[in-house]
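The values are calculated or read from the model by the stated rules, or taken from the named source; none is laboratory data. Treat the numbers as computed from the prediction; the structure is a model and nothing was measured. Reconstructed Cβ throughout: ideal geometry from the backbone, glycine too, with neighbour counts over all protein chains shown. Quick note on the areas: whole protein, heavy atoms, side chains included, nothing else; ligands and nucleic acids left out. Shrake-Rupley method; radii C 1.70, N 1.55, O 1.52, S 1.80 Å.
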Amino acid sequence: MTIRFGFSAGAAAVAGLLASGVWAKEFKAADTHPIDYPTVQAVIHMGKLIEQRSGGKHTFKMFPSSQLGQEKDTIEQTKFGAIDINRVNLAPFNNIVPESALPGLPFLFRSVEHMHKVMDSAIGEEILKAFEPHGFVGLAYYDSGARSFYNSKRPIQSPADMKGMKIRVQQSDMFVAIMQALGANATPMAFGEVYTALKTGVIDGAENNWPSYESTRHFEVAKHYTLNEHSMSPEVLVMSKRSWDGLTADERKMFHDAAKESVAVMRKLWFEREKKSEAMVRQAGSMIVDKVDKRPFIDAMKPVYDRFVTDAKMKTLVARIQAVQ
Ligand code: GTR
C-alpha cells in the first residue's frame, strides 16, 4: 500500500481512516501478456476509470509480460495480497476453484454468442462468486476466443493424429484430462516456457487461440494449426480479497463497475486482434487445417465431463449453461 500522506495516529484512528477510505493506494495489476494485448489494455482502461472516479486517489500500476511471474505464481501472490488485481485465464484457477473449470469444458459453448450470453448472465456471476472463499474476488470475464491445437510435427485432422504427441497444457487437471482423452501426452507447463520447449523439441505442440499463438511467436516453431476449437475457457479478472477488504463499500462498487465497463473495451480490441493475428500467422506461412470434423473430437473428449462434472451442483450448472439459447 502506498500511503501518500502520513501522520501518526492510534490504531483506532487508523482503522477509522481505513474504513472511510482515506488511504490512497497504487494497485498492482499483473498480466502474462505484452502491453499491446487486449487483456492488458482493458485493465489499463479500468485503472484510468478508477483514477478519474477516485479523484486521483487510487491508481493502477500494470505489470505486463509476466513481470511478476507466471500465472500460477501470480495467483499465489494475489491470494496473499502482494498483487491486487490479476488477469489470468480460468484454467490455472481450475484446481483451486472447481467451478472455474466449467466454462472451459470441451465443446461446451456452441458459439461466441452462447459464451457471451452465459458469462454475462447470473451463471457467470455465480462462478465469479465461487472465487471468494478461496481469497479472490471475481470481477469480470474477458474474451479468449477458442483454443485449438498446434504442433511442429504434422497436420492434425482427427483425434488419432494426436496419439503419443507431447502437448503442453495450462496447469489444470482438466486440460491434462482433455489431452489424455485423445491419447496425447499432456505436459503441464507455464506459458512463458512454451516457446523454448517447442523449439528444442521438449514438446511437440500446445493449444491456444489466434492472438496467443501469434503474440508468443509459437507459430514460428509449431507451424501446423488445426481449427478444432476444443475449448473457450475465458479470461478472468480477479482482485485479492485482502485488497478488496481494504476498500469502502463505495469504492468496491467503483471497482466492480469499472471492471464491468472494461469488458466492452476488451471485446472490441479482441475482435480486431483475432483478425489481425490470424492474418499475420497465415501470411507467415503457418499450415492451417481450416476444415476439421469436430464430431470425433467431441466424442473422444466426453470422458472429461464424467471426471469433472461430478456433484449435483456442477451438473446443474452445466445443464443450465447448455440450456441458454
Ligand atoms: C492464453 C491466456 C493466458 C494464458 C495462456 C496459456 O490464451 O490469455 O492468460 O493462460 O493462454 O496458455 O497459458
Within the chain, helix-based [θ] at 222 nm, where runs of 4 or more DSSP H residues each add -39,500 (n - 2.57), nearest 500: -12500 deg cm²/dmol
All lysines inside 18 Å of Lys276 as judged from Cα atoms, apart from same-chain residues fewer than 8 positions distant: Lys223, Lys268
Ranked by how many other beta carbons lie within 10 Å on average, peptides 167-176, 102-111 from highest: 167-176, 102-111
For Glu220, solvent-accessible area (1.4 Å; no DNA, RNA or ligand), Å²: 70 Å²
The chain: equivalent-ellipsoid semi-axes (sqrt of 5 x gyration tensor eigenvalues, Cα, Å): 37, 21, 17
Relative contact order for the chain, counting Cα pairs under 8 Å that sit 6 or more residues apart, in percent: 24 percent
Percent accessible area from carbon and sulfur atoms, the stretch 18-68, protein chains only, probe 1.4 Å: 52 percent
Among Pro64, Pro133, Pro159, residue whose mean-square fluctuation peaks in a GNM of the chain (springs only between Cα atoms under 10 Å): Pro133
Residues of the stretch 152-234: accessible area per residue with a 1.4 Å probe, Å²: 34 Å²
Separation between Cα centres of the stretch 50-85 and the stretch 256-286, rounded to whole Å: 22 Å
Average accessible surface area per residue within the stretch 267-325, 1.4 Å rolling probe, Å²: 65 Å²
The stretch 106-169, Rg to Rh (Cα coordinates; Rh as Kirkwood inverse mean 1/r): 1.12
Set of lysines near Lys79 by C-alpha distance (under 27 Å), chain-local residues within fewer than 8 positions excluded: Lys25, Lys28, Lys48, Lys57, Lys61, Lys129, Lys241, Lys253, Lys260, Lys313
Fraction of accessible area attributable to carbon and sulfur, the stretch 183-325 (%, probe 1.4 Å): 56 percent
Residue of Ala284, Ala177, Ala222 that the Gaussian network model of the chain assigns the largest fluctuation, springs spanning Cα pairs under 10 Å: Ala284
When the stretch 184-260 is reduced to its Cα atoms, the Kirkwood hydrodynamic radius in Å: 15.6 Å
